[in-house]
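Notes follow the structure.
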Amino acid sequence: MKAMIGQKRPKISKLARQEERQGYLFILPWLIGLFGITLFPMLFSLYASFTNYDVTSRMDFIGLDNYRRMFTDDPLFWRSLSNTLYYVVWMVPLTTIGSILLALLLNEKVVGMRFFRTIYYLPAVLSGVGVYFLWMQLLSPTSGLINTLLSWIGISGPAWLSDPMWTKPAIIMMKMWAVGGGMLLYLASLQGVPAQLYEAAKLDGASVFRRFWHITLPMISPVIFFDVITSFIGGFQVFQEGYVMTENGSGGSMNSLLFYNLHMWHKAFTVFDMGYAMGMAWVLFAIVLVLTLINMKLSKRWVYYEGEDQ
């Protein structure tokens, strides 16, 4: 032990030092991005959340006053948070189940399946304001295609984007239209399930449902976990739907589409209460972080990885 302590570190050759410098040079753009574009703005926003920062003229330290106002004096904070939670709670399981079922259908070996896979994937490629305007036309209470189809079977369609009861279900329905992205993940995962597992289960007399429950789901559970986590985080970032599909981004009738990020945007760029908005951002970060850690902890009970002892 003493001999080891007394030993000198071997000298690094000139070539090794040159390679080390080149390595740091290669990661320099990433380091600049980490410290200049990510870490510094995060630390600045954390400090600014304890101030009355208004972007232009003031930045006085006010302690926890922004957080006190948030939790006690701002009813729209709770309204926007509840709208976002409603959206996440319904959107994540529905899009996950929809993606899995669609992938199961498109995994069948029938003629023309490539065409159907392309058709169902196309909505996932489309994005942005154009899609929202398309759905605003489809959801129009007077001339929209959806209400027209409902009228053919004797159902009077609702005012999808103006009735507070139907605004969030309408947004979730729109999200279901674009499950093709998740479908592609599950389709690739399904095609990686060993066929011999199904053959052995058939020989044992397992039904289609039992094969799905005991073979398919466990084998694709890592992809389900990945999709749930990313959809969960993305759900809390919902913004454009409420901004584009309501008049002047107001959040719709009775603030039914006032999502958390939309309310935060109004605080930051409409009334320039930037310190308050940054406090909202950190509250959202804490909520998403805690719920993601809970999901990761619970995943040990249902996510199966090949080669692991369960």
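For every residue, the table says whether it meets (1) out of contact with any Lys or Arg (no Cβ under 6 Å at 6 or more places or on another chain); (2) in a helix (DSSP H, G or I); (3) within 15 Å of Met70 (Cβ to Cβ); (4) without any contact (Cβ under 8 Å) to a residue 40 or more places away in the chain.
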position	(1), (2), (3), (4)
Lys267	yes, yes, yes, yes
Gly275	yes, yes, yes, no
Leu289	yes, yes, no, yes
Leu293	yes, yes, no, yes
Val303	yes, no, no, no
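Among Ser299, Ser256, which is of a type in the set (Ser, Thr, Tyr) and under 30 Å from Phe133 (Cα atoms)? Don't jump to the end; show me each part of the working.
Working: Ser299 fails: under 30 Å from Phe133 (Cα atoms).
Among Ser299, Ser256, only Ser256 is of a type in the set (Ser, Thr, Tyr) and under 30 Å from Phe133 (Cα atoms).
When residues of the range 123-140 are filtered for being open to solvent by 70 Å² or more (accessible area, probe 1.4 Å), modelled with pLDDT of 90 or more and of a type outside the set (S, T, N, Q), how many remain?
Of the residues in the range 123-140, 2 are open to solvent by 70 Å² or more (accessible area, probe 1.4 Å), modelled with pLDDT of 90 or more and of a type outside the set (S, T, N, Q).
Only one residue in Ser99, Ser80 is touching a residue at least 24 places away in the same chain (Cβ under 8 Å) and more than 25 Å from Trp213 (Cα to Cα), so which one is that? Talk me through it step by step, then tell me what you get.
Details: Ser99 fails: more than 25 Å from Trp213 (Cα to Cα).
Residue meeting the stated conditions: Ser80.
Give the range 60-80 a look and list any residue that's in a helix (DSSP H, G or I) and open to solvent by 20 Å² or more (accessible area, probe 1.4 Å), or say none.
Asp65, Tyr67, Arg68, Arg69, Phe71, Thr72, Asp73, Pro75, Leu76, Trp78, Arg79
How many residues does the range 82-117 hold that are open to solvent by 80 Å² or more (accessible area, probe 1.4 Å) and either of a type in the set (Asp, Glu) or in a loop (DSSP other than H, G, I, E, B) (or both)?
4
Suppose we filter the range 146-162 for residues that are assigned to a loop (DSSP other than H, G, I, E, B) and either open to solvent by 50 Å² or more (accessible area, probe 1.4 Å) or touching a strand residue (DSSP E or B) at 6+ places or on another chain (Cβ under 9 Å) (or both); how many remain? Spell out how you get there, then give the answer.
The initial filter retains those residues of the range 146-162 that are assigned to a loop (DSSP other than H, G, I, E, B), namely 153-162.
If we keep only those that are either open to solvent by 50 Å² or more (accessible area, probe 1.4 Å) or touching a strand residue (DSSP E or B) at 6+ places or on another chain (Cβ under 9 Å) (or both) as well, we get 153-156, 162.
Qualifying residue count, the range 146-162: 5.
Can you tell me which residue within the range 232-254, out of those that are in a helix (DSSP H, G or I) and crowded, with 20+ Cβ neighbours inside 10 Å, is farthest from the chain's Cα centre (by Cα)? Give the derivation first.
Of all residues in the range 232-254, those in a helix (DSSP H, G or I) come to 232-236, 240-244, 247-249, 253-254.
Narrowing the set further to residues that are crowded, with 20+ Cβ neighbours inside 10 Å leaves 235-236, 241-243.
Working: Gly235: 4, Phe236: 7, Glu241: 14, Gly242: 16, Tyr243: 17 Å.
Step by step, filter the range 232-254, then rank; the result is Tyr243.
Within the range 163-188, take every residue that is under 30 Å from Phe226 (Cβ atoms) and in a loop (DSSP other than H, G, I, E, B) and give me the one that is modelled with the lowest pLDDT.
Ala178
The values are calculated or read from the model by the stated rules, or taken from the named source; none is laboratory data. Everything numeric here is computed off the predicted structure, so don't read it as measured data. Virtual Cβ from ideal backbone geometry, glycine too; neighbours counted across all protein chains shown. Accessible surface is based on the protein model in full, side chains and every heavy atom, while ligands, DNA and RNA are left aside. Shrake-Rupley method; radii C 1.70, N 1.55, O 1.52, S 1.80 Å.
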